[in-house]
Amino acid sequence: MKRFRRDGVKIKSPAQIDAMKAAGHLSAQALEVVGSLMRPGVSTAELDAAAEKCIVEAGGTPAFKGYGGFPATICASVNDMVVHGIPSPDVILEDGDVVSIDTGAIVDGWVGDNAETFVVGTHDKQHQDLLSATLAAMWAGIDQAFPGNHLGDVGHAIQKVIEDAGFSVIREYSGHGIGRRMHEPPNVLNYGVPGQGVKLEEGMVIAIEPMAVSGSPRVRTISDGWGVVTCDGKPAAHFERTIAITKDGPLVLTK
Ligand code: MG
């Protein structure tokens with residue numbers, strides 16, 4: 001079923017999608033391990049070590065470590081940090097922190113990628129609302145991922161849920177195609193116009209990952225060259241799943 005496409009989007013066979021499940025499951029497992037350790041007093045370096053142990057012991061390879069020079073297995077982005085936070089023994093979680101964790105694993109040459117935002121300890125109502133809306137937006141986007149629909153339908157569904165809840169979409173970062181490489185075409189924007197953009201076909205595999213904020217959606221990269229923070233210092237939420245587009249609709253590979 002391998003076909004050349006001018007836009008570089010790789011179409012996977014049902015057997016290849018089946019093979020991608022192992023990487024997806026391991027990515028999800030690593031995320032679950034990190035989530036189970038989330039509490040005040042733990043450092044993001046400890047979370048990183050646990051995720052790496054989980055992936056390596058299962059025979060996988062951390063997908064992020066070494067990717068473009070990224071030094072760790074997870075991205076751990078605390079409070080005003082949106083994505084790409086480098087784990088550190090000096091970043092100790094505190095009660096009420098909003099922590100986005102992104103994990104990816106490679107198994108048999110296929111890549112899985114997923115993310116989740118957690119609140120440490122006491123949940124602030126406004127933070128919880130932001131997390132709930134971003135998670136709901138991700139699922140609304142996934143619900144649009146069936147053959148014949150367009151990426152604009154996915155992006156629009158995500159944008160609508162986030163904006164209807166009174167929050168803003170971060171536009172500088174997007175989801176992506178995924179397969180043998182972590183980032184493949186197409187870009188999967190978290191906003192859009194229904195019916196526009198790449199037409200979805202059976203065999204496409206994409207990572208859908210809305211990022212949202214309660215304040216201004218403006219972001220900047222900090223001096224380590226990785227961490228992306230909001231310009232107004234307000235917290236952000238980020239949820240991600242890797243999904244395949246099948247004739248029966250979206251199939252979540254990271255669970
Ligand atoms: Mg991703």
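The values are calculated or read from the model by the stated rules, or taken from the named source; none is laboratory data. Given the structure is predicted, the values throughout are model-derived calculations rather than measurements. All Cβ positions, even for glycine, are placed from backbone atoms using ideal geometry, and neighbour counts span all protein chains on display.
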Being touching a residue at least 40 places away in the same chain (Cβ under 8 Å), touching a helix residue (DSSP H, G or I) at 6+ places or on another chain (Cβ under 7 Å) and either among the charged types (D, E, K, R) or closer than 19 Å to ALA236 by Cα (or both), is that true of even one residue in region 121-133? yes
Of the residues in region 64-104 that are within 13 Å of the ligand (Cβ to nearest atom) and part of a loop (DSSP other than H, G, I, E, B), the one that is nearest to ALA212 (Cα to Cα) is HIS84
Going by what's in this entry, would LYS160 be described as at pLDDT below 95 and surrounded by fewer than 21 Cβ atoms within 10 Å (Cβ to Cβ)? no
With ASP143, ASP164 as the choices, which residue is free of Cβ contacts under 8 Å to residues at least 40 places away in the same chain and farther than 23 Å from ARG5 by Cα? ASP164
For region 105-150: of the residues being at pLDDT below 95 and in a loop (DSSP other than H, G, I, E, B), which is farthest from the ligand (Cβ to nearest atom)? THR122
Residues in region 1-36 that are in contact (Cβ under 8 Å) with a residue 12 or more places away in the chain, loosely packed, with under 15 Cβ neighbours inside 10 Å and closer than 26 Å to CYS75 by Cα total 1
